[in-house]
1. Answer rounded, prolate or oblate for segment 442-501, using the Cα gyration tensor with square roots of eigenvalues a ≥ b ≥ c: rounded when a/c is under 1.5, else prolate when a/b is larger than b/c, else oblate.
2. Leaving out ligands, DNA and RNA but keeping every protein chain, what accessible area does F447 have, in Å² rounded to the nearest 10, with a 1.4 Å probe?
3. Sort the following peptides by mean Cβ neighbour count (other Cβ atoms within 10 Å, averaged over residues), highest first: 735-741, 154-160, 411-417.
4. Express the relative contact order of segment 15-88 as a whole percentage, based on alpha carbon pairs under 8 Å and six or more residues apart in sequence.
5. Whole Å is fine, so just give me how far the alpha carbon centre of segment 636-656 lies from that of segment 246-272.
6. First measure r as the distance between the Cβ atoms of F588 and L729, then evaluate 1/(1 + (r/R0)^6) with R0 = 22 Å and state the FRET efficiency to the nearest 0.05.
7. Can you give me the C-alpha center-to-center distance between segment 466-534 and segment 136-197, rounded to a whole angstrom?
8. Between G340 and residues 5 or more places away or on another chain, which pairs have amide H atoms under 5 Å apart, with H built 1.01 Å from N, and which residues are they?
Amino acid sequence: MVKPPPAYPVPAVRPIPPAVIAEKVVATLRSKPTETHVRRIDERPARYGTWPADLDPRLLAALRKRGIEHPYSHQAAAIGNAIAGKNTVVVTPTASGKTLCYNVPVIDAILKDPTTRALYLFPTKALAQDQLDELHGLITDLQADIRTFTYDGDTPADARRAVRQAGHIVLTNPDMLHTAVLPHHTKWVQLFESLQYVVIDEVHTYRGIFGSHLANVLRRLRRICQFYGTDPTFILCSATIANPGELAAALLGDDIELIDDNGAPAGERVVVIHNPPVVNRELGIRQSSLKAARDIGAELIRAGVQTIVFAPSRMRVEILLTYLRDALRNKPGDPERVTGYRGGYLPNERRAVEKGLRDGSIRGVVATNALELGIDIGGLGASVVTGYPGALASLWQQFGRAGRSREAALSVLVASSNPLDQFVATHPDFVFEGTMERGLIDPDNLFVMASHLKCAAFELPFGVDEAFGPNAAEMLDILAEDGVVQKANNRYHWMSEAYPAEQVSLRTASTDNFVIIEQGPQPRVIGECDRPSAPLLIHEDAIYIHRGQQYEVEYLDWDEKKAFVAPVSVDYYTDAQLAVELKVLDQFEHAGAAAGSHAAGEVAITFLATIFKKVKLNTHENVGWGKIAIPESNLHTSAYWLMFDEAATAGLDREQIAAGLSGIGELARNLAPIFCLCDARDIGANVQVRAPSTERPTVYLYDMIPGGVGLAERLFEVREQLIEACLALAKACACENGCPGCVGPQIEPNSPAKRAAVRLLERMANPSES
């Protein structure tokens with residue numbers, strides 16, 4: 001007999017509220033003999049604006065269908081600006097609805113005039129694909145004929161014609177715009193003749209030389225638009241940095257309105273800075289940050305909180321994923337609750353992870369900063385960051401991946417043993433009150449601008465009075481003398497057979513990828529690896545871990561860029577060592593100083609993977625080693641170097657000199673971008689207590705870009721101002737022995753780094769100083 005239903009509904013089992021779980025995790029961490037700092041950020045209510053009066057009713061209905069009745073205040077301001085034709089940059093935190101700021105005006109314009117076109121630029125293919133999915137969802141709700149396409153290296157040749165001719169919205173990246181769209185603008189007539197909007201997302205990533213290249217690509221884009229009679233409105237979006245308006249204006253080369261008053265709601269956020277306990281007091285060794293992150297992540301996932309754990313490298317992602325799966329071991333046949341996400345996974349694997357996070361089937365993910373950008377993974381309950389990522393902007397981006405609009409979120413930073421992490425852990429105010437990093441670019445860098453001037457001349461003839469940054473006319477005359485262009489009737493025409501865009505890389509990283517092939521009856525590609533990482537991750541006998549599965553590299557075909565692997569199950573992973581050597585090839589500038597000298601010239605940086613260690617899982621014991629036989633990689637570039645003579649080093653022992661040089665290298669590398677208008681990642685530093693080429697203590701600063709782009713030459717020009725700035729900063733810093741704000745954080749409590757650096761710099765600036 002079937003029982004009748006109860007007269008009242010049986011209450012469902014309610015999940016534990018995130019705020020309660022956060023308090024439990026905090027209590028657990030505080031109960032341990034460790035340093036844990038907790039700060040609460042209050043809930044923030046939503047502030048709304050109104051839709052523009054003439055917004056298409058079909059679009060309003062589709063937005064309401066998606067639960068969007070009113071725009072947040074920053075969305076309303078940005079949409080109004082865009083419809084009015086004002087260039088705008090929107091700067092608000094992660095998950096604040098920046099996508100709507102550009103999708104609404106673009107779709108509204110297309111609904112009103114189907115000939116309208118828009119171009120979206122994203123820094124990565126993955127982000128473009130994610131935004132395509134978002135657009136398709138909104139367009140499906142509209143039931144409108146708005147054709148959107150991605151256009152990147154993965155777009156099939158037969159589909160490219162359809163994109164060029166029929167795409168209302170084209171989503172691409174700066175590299176494709178540079179090499180495949182602008183040089184072939186005659187195939188994109190329909191796009192350029194009706195281009196009304198250009199969207200540039202994740203503007204904070206376009207810093208340094210990469211940003212300088214993009215600024216010149218945008219000069220070329222606006223020049224071609226002008227040729228076709230259009231003047232598009234630019235909508236830029238950025239995460240929080242110190243100078244978003246300045247960076248956006250420099251990229252665009254035009255006035256731009258800044259909108260940074262965030263109206264999106266946010267639940268309470270509990271931020272924890274956790275320094276794992278000391279396990280060996282004599283040696284000062286702390287519990288592994290990987291194990292601490294595993295414990296926190298496992299506790300959160302067990303409690304039902306969807307969690308993202310960030311790890312600092314691809315290898316650390318896989319090790320942490322292995323540890324978490326062991327801690328959360330499922331019954332046989334159960335689907336995995338935790339997965340990985342990093343560069344090197346195949347596109348379909350990454351899409352599946354993103355979908356699983358959005359629909360809740362994946363309860364935890366271990367990721368590199370590949371998930372730091374705005375890919376839609378839904379609102380997670382907690383984020384655990386393993387090791388300080390090196391920049392406050394990155395840290396808050398990673399924290400911001402957790403948090404629904406009105407629910408509490410937990411963000412935990414787990415400090416590692418390195419000096420920078422230990423500084424952050426012992427100075428928690430640095431996280432909450434420190435200054436965000438600035439984004440600096442130099443669109444007028446002669447090396448960068450000259451390369452894009454060639455590209456622009458290839459695309460359209462130059463008029464003699466046409467503007468393209470300073471000194472364009474002089475550069476064109478030089479190109480004419482070299483036979484690259486020909487001057488006729490007050491116009492410069494491209495004459496070379498070369499295709500200039502192919503010779504100009506916007507990014508410093510190599511685009512060559514190795515494919516990783518699992519051997520068997522039916523060999524299959526399981527992943528990819530970029531060229532710089534290949535010697536460390538896929539050398540022969542390496543244990544390559546992919547989504548938690550171990551593989552041994554049996555053969556590496558370096559020339560064909562293929563690694564052949566076989567699945568294994570071992571209790572260790574491999575960790576390769578990289579030797580870096582700097583050699584001076586040529587010196588073309590030299591100047592004396594009070595207690596030393598300055599020089600600039602050409603150098604070669606050699607990177608050679610030498611040996612690998614076998615490291616036991618969980619205990620991290622070294623259980624073996626092996627040699628690596630892979631050709632060395634060379635970076636030929638330009639450098640500026642600072643040499644100290646005996647008058648500078650008098651009274652300092654070798655340890656003090658080494659510490660002082662390291663401190664000066666840290667100071668100079670961090671201050672150099674102010675003089676070069678680049679990013680710290682564009683400049684490398686190398687210190688040698690007795691350099692073979694100079695036979696003296698030497699600090700080298702070199703361009704990270706092959707061949708150099710004039711940064712070293714600029715540093716030589718401003719050498720005296722650079723020394724003065726380094727000395728002033730070190731003296732003004734309130735720390736005692738060193739911190740990230742001056743000579744870098746130090747492990748030893750009484751490190752001589754700061755004192756030695758100040759003494760060396762004082763003597764270099766003034767020989768009478770002691």
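The values are calculated or read from the model by the stated rules, or taken from the named source; none is laboratory data. A quick note: this is a predicted structure, and the numbers were derived from the prediction, not measured. Ideal geometry is used to build each Cβ from the backbone, glycine not excepted, and the neighbour counts take in all protein chains shown. SASA here: full protein model, heavy atoms, side chains in, ligands and nucleic acids out. Shrake-Rupley method; radii C 1.70, N 1.55, O 1.52, S 1.80 Å.
1. Oblate, since a/c reaches 1.5 and b/c is not below a/b.
2. Here the residue's solvent-accessible area equals roughly 110 Å².
3. Ranked from most to least packed, the peptides come out as 411-417, 735-741, 154-160.
4. 27 percent
5. 42 Å
6. The computed FRET efficiency comes out at 0.15.
7. Distance between centres, Cα-based: 21 Å.
8. Residues meeting the criterion, in which the H sits 1.01 Å from N, are V366.
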